[in-house]
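*Asks:* Input: one structure, supplied below.
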Amino acid sequence: MIDKQRQSDWAAIFDVDGTMVDNARYHEAAWVELGRRHGFPVTPEFYRQHIHARSNDRNIRALLGESAGEADIRRLGDEKEDIYRESFRPVMQEIAGLTMLLKTLSGEGVACAAASNSPKANVDMVLDGLSIRPYFRIILDRDRVRIGKPDPEMFLRISAELSIEPRRCVVLEDSASGFLAARRAGMVCVAIAYGADLNDIQLAENLAAVYQDFTTITPDLLRSFVNGSVI
């Protein structure tokens with residue numbers, strides 16, 4: 001699906017959770033269920049205040065205490081993700097316009113990459129479930145980087161591997177950690193609001209634009225952000 005005969009001088013980097021799919025409530029439900037099974041005080045309010053958009057390792061340490069062993073952290077983290085995938089896989093749908101935008105970008109030779117703080121199994125479920133994996137030249141998940149977002153490592157690695165300068169990359173994101181990682185990487189950032197926390201969007205300092213979904217986003221529009229002008 002990638003047109004290898006055409007090569008653009010800019011790239012588009014897509015977050016996965018909350019950007020490609022609206023899955024936040026399924027992650028929340030998985031944490032609540034994990035808490036129910038193991039006696040953790042995970043209510044929806046606790047989730048929003050203390051767990052949302054943080055790493056599994058950090059969350060489980062917060063719940064079990066700093067004395068938590070690595071084996072327990074891995075086991076509970078894997079269990080939480082199993083609960084999430086089991087509930088979300090049957091109902092998964094793309095945020096409107098995603099596949100069409102990817103198809104158009106790839107047809108114009110624009111390099112597309114996926115960059116997610118989620119583990120590989122979750123990313124694979126989305127890319128394969130939506131049949132969009134072939135559009136991406138690079139796919140990075142939390143298992144493949146040393147430090148996740150808001151550290152810019154993930155975005156900078158993609159830039160280097162594509163041989164495209166950070167300033168020529170546009171990031172499509174939905175979360176505060178992603179917005180900050182894009183800013184730290186020196187990349188243009190566009191917010192997808194459909195599954196986002198609106199407070200994160202309002203507090204972000206580096207957004208070129210905010211769109212509800214992908215239906216009105218075109219390659220020309222993204223290119224205009226990279227070039228510093230809006231069509």
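*Asks:* If THR216 satisfies every condition in (1) buried (at least 20 other Cβ atoms within 10 Å of the Cβ); (2) modelled with pLDDT of 95 or more but one, which is the exception?
*Replies:* Every listed condition holds for THR216 apart from (1).
Yes or no, residue by residue, for (1) surrounded by fewer than 19 Cβ atoms within 10 Å (Cβ to Cβ); (2) in contact with a helix residue (DSSP H, G or I) (Cβ under 8 Å, 6 or more places away or on another chain):
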residue	(1), (2)
ASN59	no, yes
ARG75	yes, no
ASN117	no, yes
VAL123	no, no
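*Asks:* Quick check, is ASP17 closer than 28 Å to VAL91 by Cα, surrounded by 13 or more Cβ atoms within 10 Å (Cβ to Cβ), among the charged types (D, E, K, R) and in contact with a Ser or Thr (Cβ under 8 Å, 6 or more places away or on another chain)? Walk me through how you get there before you give the answer.
*Replies:* On the way: closer than 28 Å to VAL91 by Cα: yes; surrounded by 13 or more Cβ atoms within 10 Å (Cβ to Cβ): yes; among the charged types (D, E, K, R): yes; in contact with a Ser or Thr (Cβ under 8 Å, 6 or more places away or on another chain): yes.
Answer is yes for this residue.
*Asks:* Let me ask something additional. Quick check on my filter: what residues within region 77-91 are of a type in the set (A, V, I, L, M, F, W, C) and surrounded by fewer than 16 Cβ atoms within 10 Å (Cβ to Cβ)? It would help to see each step written out before you state the result.
*Replies:* Going through region 77-91, the residues of a type in the set (A, V, I, L, M, F, W, C) turn out to be 83, 88, 91.
Selection gives VAL91 alone.
*Asks:* Considering only residues that are under 14 Å from ILE158 (Cα atoms) and touching an Asp or Glu at 6+ places or on another chain (Cβ under 6 Å), which ones fall in region 114-145?
*Replies:* Matches in region 114-145: SER116, ILE138, VAL145.
Matching residues to (1) of a type outside the set (Ser, Thr, Tyr); (2) closer than 23 Å to ALA208 by Cβ; (3) touching a residue at least 40 places away in the same chain (Cβ under 8 Å):
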position	(1), (2), (3)
SER118	no, no, yes
VAL126	yes, no, yes
ILE147	yes, no, no
PRO152	yes, yes, no
ALA181	yes, yes, no
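*Asks:* In addition: Output yes when any residue across region 61-81 is within 17 Å of the chain's Cα centre (by Cα) and either closer than 29 Å to GLN212 by Cβ or outside any helix (DSSP H, G or I) (or both), and no when none is. Explain how you work it out, then say what you get.
*Replies:* Just the residues of region 61-81 that are within 17 Å of the chain's Cα centre (by Cα), to begin with: 81.
Subsequent filtering for residues that are either closer than 29 Å to GLN212 by Cβ or outside any helix (DSSP H, G or I) (or both) retains 81.
Yes - at least one qualifying residue is present in region 61-81.
*Asks:* Follow-up question, since we're still on this one. Check region 105-118 and report whether any residue there is touching a Cys at 6+ places or on another chain (Cβ under 7 Å), within 25 Å of PRO166 (Cα to Cα) and part of a helix (DSSP H, G or I).
*Replies:* Looking only at region 105-118, we keep the residues that are touching a Cys at 6+ places or on another chain (Cβ under 7 Å), and these are 105-106.
After this cut, where a residue has to be within 25 Å of PRO166 (Cα to Cα) as well, the list is 105-106.
After this cut, where a residue has to be part of a helix (DSSP H, G or I) as well, the list is 105-106.
For region 105-118, residues touching a Cys at 6+ places or on another chain (Cβ under 7 Å), within 25 Å of PRO166 (Cα to Cα) and part of a helix (DSSP H, G or I): present.
*Asks:* I'm checking my understanding of the structure. Among residues of region 25-46 that are within 22 Å of the chain's Cα centre (by Cα) and closer than 15 Å to LEU76 by Cβ, which one is surrounded by the fewest Cβ atoms within 10 Å (Cβ to Cβ)?
*Replies:* Per the stated criteria, the residue is VAL32.
*Asks:* For the subset of region 92-112 comprising residues that are buried (at least 19 other Cβ atoms within 10 Å of the Cβ) and under 16 Å from the mean Cα position of the chain (by Cα), which member is farthest from ALA193 (Cα to Cα)?
*Replies:* CYS112
*Asks:* So ARG133 ticks every box in (1) charged (D, E, K, R); (2) without any contact (Cβ under 8 Å) to a residue 40 or more places away in the chain; (3) more than 19 Å from PHE88 (Cβ to Cβ) but one. Which box is left unticked?
*Replies:* Among (1) charged (D, E, K, R); (2) without any contact (Cβ under 8 Å) to a residue 40 or more places away in the chain; (3) more than 19 Å from PHE88 (Cβ to Cβ), ARG133 violates only (3).
*Asks:* Conditions first: (1) modelled with pLDDT under 85; (2) outside any helix (DSSP H, G or I). ARG58 passes all but one, so which condition is the exception?
*Replies:* Unmet condition: (2).
*Asks:* Counting only residues that are crowded, with 20+ Cβ neighbours inside 10 Å, outside any loop (DSSP other than H, G, I, E, B) and among the small types (Gly, Ala, Ser), how many does region 186-213 have?
*Replies:* 1
The values are calculated or read from the model by the stated rules, or taken from the named source; none is laboratory data. Since we're looking at a predicted model, the values are computed, not measured. Glycine gets a Cβ as well: all are built from the backbone with ideal geometry, and neighbour counts include every protein chain shown.
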